[in-house]
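As structure tokens, the structure follows; a few thoughts come after it.
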Amino acid sequence: MTGVLVTGGTGKTGSALAGLLRGKGVPVRVASRHPPAGDPDAVRFDWEDPATHQAALRGMDRVFVVPPVQSVDPLPQVGPFLAEARRLGVRRVVLLGSSIVLPNAPSALELAAMVRAQPGWVVLRASGFMQNFLSPHPLGERIRRHGEIRTAAGDGRVGWIDARDIAAAASALLTESGAEPEDRRDYLLTGPKALSYPEAAAIITAHTGRPVRVVRIGTDEQAAGYRTAGTPVEFAAALAAMEDGIRAGREDQVSTAVLDLTGRPPRTFAEFVREFADPGAVPD
Ligand SMILES: NC(=O)c1ccc[n+]([C@@H]2O[C@H](COP(=O)([O-])OP(=O)(O)OC[C@H]3O[C@@H](n4cnc5c(N)ncnc54)[C@H](OP(=O)(O)O)[C@@H]3O)[C@@H](O)[C@H]2O)c1
């Protein structure tokens, strides 16, 4: 059998990808720590349990890899998994990586290098997700509850991308429908325009009618806020420190990769906000 193993297959990007692949008639195996009982297209998979890795890979010739979330050191779990994928002859791996290099997370770079080193395997360097502006992400949760964005990124811009556009790009790469050179190993994926938090807040306000104010804070205060929201200590520090890089302009970039791979432009932030009606609304 051939098909695509979608790790993170119940998450924002993976679930959209699984839907797109199924729409193209591609066999999909959705990996999850809690697969629905009796679903032949779902498999139990846990990064923390290597015993689940081989069975998930068996028979699959392509894999979408969503590394462990909220980890500053994904290599110990993902490295052996990729080695096993190589051994089993997986011809295509698409790694969901990040354009942002977290300051204290060098193993994410090693992981990307490991993928790039294998012919046919590619890395997606995704920009910040528009979905971060929705609950349950701490950013979206703050908007929902308090109508505010607290940021240490100042007026630095990010090329925000809708996770569904990442899924569309991944789908093209996993089905070879993208008209891209076969030897390309790395794609920066962004939305159509880079926006600062104040600019994003203004768009949310304009399209929802609900004022969203921006509170400028320091990196330490931001890390404390993430910890309070339940983010693990090391990852909270990394996320906050990342905002220094945004403030310095390191994420102020856009690419044409989504258009090049899928044939259609990525969604704008305004379209995203309109679609989710009122991301700042407080439920009753
Ligand atoms: N947010 C951003 O701005 C941004 C930017 C660039 C890159 N990224 C990357 O995007 C990835 C997250 O993608 P997403 O937002 O689509 O995912 P998500 O919606 O946060 O969902 C997380 C997925 O990971 C799975 N998962 C969690 N713990 C797991 C474990 N121990 N073993 C196996 N699977 C596990 C979950 O599946 P189950 O719960 O069903 O097991 C779920 O499918 C992260 O690696 C992050 O670094 C995010």
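The values are calculated or read from the model by the stated rules, or taken from the named source; none is laboratory data. If you're wondering where the values come from, they're calculated on a predicted model, not measured in any experiment. All Cβ positions, glycine included, derive from the backbone under ideal geometry; neighbour counts span all protein chains shown.
Hey, any hits in the stretch 212-228 for a residue that's aromatic (Phe, Trp, Tyr) and modelled with pLDDT of 95 or more?
No - not one qualifying residue is present in the stretch 212-228.
If residue 93 passes every condition in (1) assigned to a loop (DSSP other than H, G, I, E, B); (2) under 16 Å from residue 6 (Cα atoms) but one, which one does it miss?
Every listed condition holds for residue 93 apart from (1).
Filter the stretch 228-247 down to the residues that are surrounded by fewer than 16 Cβ atoms within 10 Å (Cβ to Cβ) and under 21 Å from residue 147 (Cα atoms) and list them by number.
228, 229, 230 - these are the residues of the stretch 228-247 that are surrounded by fewer than 16 Cβ atoms within 10 Å (Cβ to Cβ) and under 21 Å from residue 147 (Cα atoms).
Would you pick out the residues in the stretch 115-167 that are among the basic types (Lys, Arg) and more than 30 Å from residue 88 (Cβ to Cβ)?
Hits for the stretch 115-167 are 142, 144, 145, 150, 157.
Given the criteria part of a helix (DSSP H, G or I) and of a type outside the set (A, V, I, L, M, F, W, C), does residue 25 qualify?
It is false that residue 25 is part of a helix (DSSP H, G or I) and of a type outside the set (A, V, I, L, M, F, W, C).
If you take the residues in the stretch 40-78 that are more than 12 Å from the ligand (Cβ to nearest atom) and part of a loop (DSSP other than H, G, I, E, B), which one is surrounded by the most Cβ atoms within 10 Å (Cβ to Cβ)?
Among residues in the stretch 40-78 that are more than 12 Å from the ligand (Cβ to nearest atom) and part of a loop (DSSP other than H, G, I, E, B), the one surrounded by the most Cβ atoms within 10 Å (Cβ to Cβ) is 60.
For the stretch 1-30, give me each residue that is closer than 19 Å to residue 89 by Cα and of a type in the set (Gly, Ala, Ser).
Within the stretch 1-30, just 3 meets the criteria.
Contact list please: Cβ distance under 6 Å, first residue in the stretch 107-133 and near the ligand (Cβ under 10 Å from one of its atoms), second residue among the acidic types (Asp, Glu), pairs at least six apart or on different chains.
Close Cβ pairs satisfying both conditions: 130/162.
Which one of 124, 111 is out of contact with any Phe, Trp or Tyr (no Cβ under 7 Å at 6 or more places or on another chain), surrounded by 23 or more Cβ atoms within 10 Å (Cβ to Cβ) and hydrophobic (A, V, I, L, M, F, W, C)?
Being out of contact with any Phe, Trp or Tyr (no Cβ under 7 Å at 6 or more places or on another chain), surrounded by 23 or more Cβ atoms within 10 Å (Cβ to Cβ) and hydrophobic (A, V, I, L, M, F, W, C) holds for just one of 124, 111, which is 111.
Being part of a loop (DSSP other than H, G, I, E, B) and at negative phi is the filter here; which residues of the stretch 187-223 pass it?
Those that are part of a loop (DSSP other than H, G, I, E, B) and at negative phi: 190, 191, 192, 193, 194, 210, 211, 212, 217, 218.
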